[in-house]
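Visitor: Can you read through this structure? Questions will come right after.
The values are calculated or read from the model by the stated rules, or taken from the named source; none is laboratory data. Nothing here was measured: the structure is a model prediction, and the numbers come from that model. Cβ sites come from the backbone with ideal geometry, for glycine too, and all protein chains shown count toward neighbours.
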Amino acid sequence: MAKSNEKGTFKPVIGLRQVLGISIAAISPTTSVFLVYGDGLHAAGTGVFWAFIIGACIAISMAFCYAELGSMYPGAGGAYTIIRKSLGKPTGFIAVLLFLLLGIVVTASILVSSATYLNSLVPQIPVNLAAVAMMALITWFSLERIGTASWIAIAMLIIELAVILLFIVISFTNMSHPIRFILQPVNIHSHSVMSGINWSAMMAAVVPALFAFNGYDWPLYFSEETRDPRRVLPKAVMISVFTAVVVEVLAVVSATLAIPDFGTAMKSSAPLTYIIQSAAGNVGASILIIGVIIAMFDTGLSGNLAYARIYLDAARNDSWPSPINKFFKSMNQHNVPKWGFVFLGIGNAFFCYFTSLNSLITFTGVIIVTIYLLIAISAIVSRFRSEANRPFTMPIWPLPPIIAIIGVIIALTQQAAGDIIKTGVVIIAGIIYWLAYLRTKELKKQVSEKSQSDYTL
């Protein structure tokens with residue numbers, strides 16, 4: 001039997017197709033649209049289309065930043081590695097703390113949604129328990145070899161892409177409105193009165209759109225397991241983001257134009273289900289919902305694969321007390337971080353059982369765009385501070401990071417104060433931890449090394 005790896009080292013065993021499959025599965029156009037379309041529609045009415053267009057511009061700009069920085073700093077920590085090397089160790093630790101929380105929240109939000117769709121087909125299956133069972137299965141798959149897990153993700157990805165493309169075709173062939181229905185956005189109020197959409201409402205729907213596109217950076221978290229990462233990773237990032245943008249924008253356009261009755265859709269807790277039932281009947285809707293459940297499970301699996309690798313990279317950088325570092329660095333015989341996945345399994349299972357879907361999505365969206373802000377700032381800072389080789393250089397510099405920063409800041413100003421405060425508390429906790437523990441630990445280490453050097457002399 002192969003021995004466990006306690007040093008936290010990976011082997012390069014996957015190529016472009018596998019890492020691309022994980023990335024697109026992590027984005028999951030099917031999951032993304034079915035998860036956030038309702039929130040976007042309720043916030044911005046038919047302006048959900050423009051929210052996705054604005055979100056797409058930010059996402060593509062962010063992808064250029066990720067591609068350039070990821071080619072410079074390939075590492076299992078992905079965005080954490082980039083922020084740490086570009087903005088310094090304190091900011092890097094804030095990033096890993098955000099990822100620590102994100103890892104035990106985002107997969108739970110996706111699985112609760114998947115279980116909700118499952119419950120709509122089989123009401124006898126309780127939502128929260130089904131989500132917990134899905135998380136247990138994802139943990140099991142995650143503990144297998146990355147090659148095995150990636151092929152499982154790719155197989156389910158083929159199914160989900162067929163589902164979303166079928167949804168787009170059905171929706172376009174059952175259009176109820178002309179194109180101006182989305183070009184001149186409107187919303188409906190309590191008295192069924194149509195009115196225009198203001199800028200504030202539009203930007204409130206941008207964060208759900210960014211949540212929908214999120215995942216194109218996933219190739220970076222498998223850089224140490226990818227052959228020729230400096231060439232493969234930027235290509236995988238850019239293919240992923242353009243795939244997500246094209247498919248998801250088409251899905252949003254087709255769905256919005258296919259709404260039979262706008263007032264009914266706005267009152268529905270699952271407007272896409274209402275749309276597809278109207279277009280394809282109950283049987284057609286049930287078939288598509290089965291595909292959505294598979295897609296969401298695939299997204300949960302692909303997303304989960306990255307977070308334990310971020311925790312491992314942070315542990316290799318001595319971010320925690322020694323026992324915790326050892327805990328997150330430990331690998332099983334399949335060369336994957338075993339206890340990191342167990343931690344994710346327990347944390348997500350807790351949120352699957354005790355937390356509602358809406359509170360998870362809005363909070364998760366704020367954390368994601370905060371990380372985007374740090375990455376975009378890193379892209380600017382690295383141009384002035386870093387001498388590292390750039391295998392990929394973003395075009396039209398410096399527009400991508402500037403567009404991303406402006407878009408993210410505007411979007412953040414339109415989010416719920418409670419979600420912003422929660423994220424602020426996490427950041428403050430990270431700063432306090434850095435000052436009280438990590439900085440002191442580093443100073444003691446420097447003093448010890450200097451004393452040993454003086455003794456040797």
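Visitor: Out of curiosity, is Val249 in contact (Cβ under 8 Å) with a residue 60 or more places away in the chain, assigned to a helix (DSSP H, G or I) and either polar (S, T, N, Q) or surrounded by fewer than 24 Cβ atoms within 10 Å (Cβ to Cβ) (or both)?
Guide: Yes: the conditions hold for Val249.
Visitor: Can I ask one more? So which helices (runs of 4 or more DSSP H) stay within region 260-350 end to end and still have 1 or more residues that are among the polar types (S, T, N, Q) and closer than 29 Å to Lys85 by Cα?
Guide: Ranges flagged: 271-316, 322-329.
Visitor: Of the numbered conditions (1) modelled with pLDDT under 75; (2) exposed (fewer than 15 other Cβ atoms within 10 Å of the Cβ); (3) in a helix (DSSP H, G or I); (4) not basic (Lys, Arg), Leu435 fails exactly one; give the number of that condition.
Guide: Only one criterion in (1) modelled with pLDDT under 75; (2) exposed (fewer than 15 other Cβ atoms within 10 Å of the Cβ); (3) in a helix (DSSP H, G or I); (4) not basic (Lys, Arg) is unmet by Leu435, namely (1).
Visitor: Shifting gears a bit: Determine if region 232-249 includes at least one residue that is out of contact with any helix residue (DSSP H, G or I) (no Cβ under 6 Å at 6 or more places or on another chain), basic (Lys, Arg) and under 20 Å from Ser113 (Cα atoms).
Guide: The answer is no, given that none of the residues of region 232-249 is out of contact with any helix residue (DSSP H, G or I) (no Cβ under 6 Å at 6 or more places or on another chain), basic (Lys, Arg) and under 20 Å from Ser113 (Cα atoms).
Visitor: For region 1-102, list the helices (runs of 4 or more DSSP H) that sit wholly inside it and hold at least 1 residues that are farther than 30 Å from Asp318 by Cα; which are they?
Guide: Ranges flagged: 16-27, 29-44, 48-72.
Visitor: In the list Phe52, Phe64, which residue meets the criterion of being within 20 Å of Ser113 (Cβ to Cβ), at pLDDT 85 or above and buried (at least 24 other Cβ atoms within 10 Å of the Cβ)?
Guide: Only one candidate passes the filter, namely Phe52.
Visitor: Just to be sure before I move on: is Ala95 closer than 24 Å to Asp419 by Cβ and aliphatic (A, V, I, L, M) in the structure I sent?
Guide: Yes: the conditions hold for Ala95.
Visitor: Could you tell me which of the residues Lys445, Lys441 is at pLDDT 80 or above and among the basic types (Lys, Arg)?
Guide: It is Lys441.
Visitor: Filter region 382-416 down to residues that are of a type in the set (Gly, Ala, Ser) and either modelled with pLDDT under 85 or more than 24 Å from the chain's Cα centre (by Cα) (or both), then give me how many there are.
Guide: Final tally of qualifying residues: 4.
Residues checked against (1) modelled with pLDDT of 85 or more; (2) buried (at least 21 other Cβ atoms within 10 Å of the Cβ); (3) touching a Ser or Thr at 6+ places or on another chain (Cβ under 7 Å); (4) over 21 Å from Ile159 (Cβ atoms):
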position: Leu288; (1), (2), (3), (4): no, yes, no, no
position: Gly300; (1), (2), (3), (4): yes, yes, yes, no
position: Gly303; (1), (2), (3), (4): no, yes, yes, no
position: Ile310; (1), (2), (3), (4): yes, yes, no, yes
position: Asp313; (1), (2), (3), (4): yes, yes, yes, yes
position: Arg316; (1), (2), (3), (4): yes, no, no, yes
position: Ile324; (1), (2), (3), (4): yes, no, no, yes
position: Met331; (1), (2), (3), (4): yes, yes, yes, yes
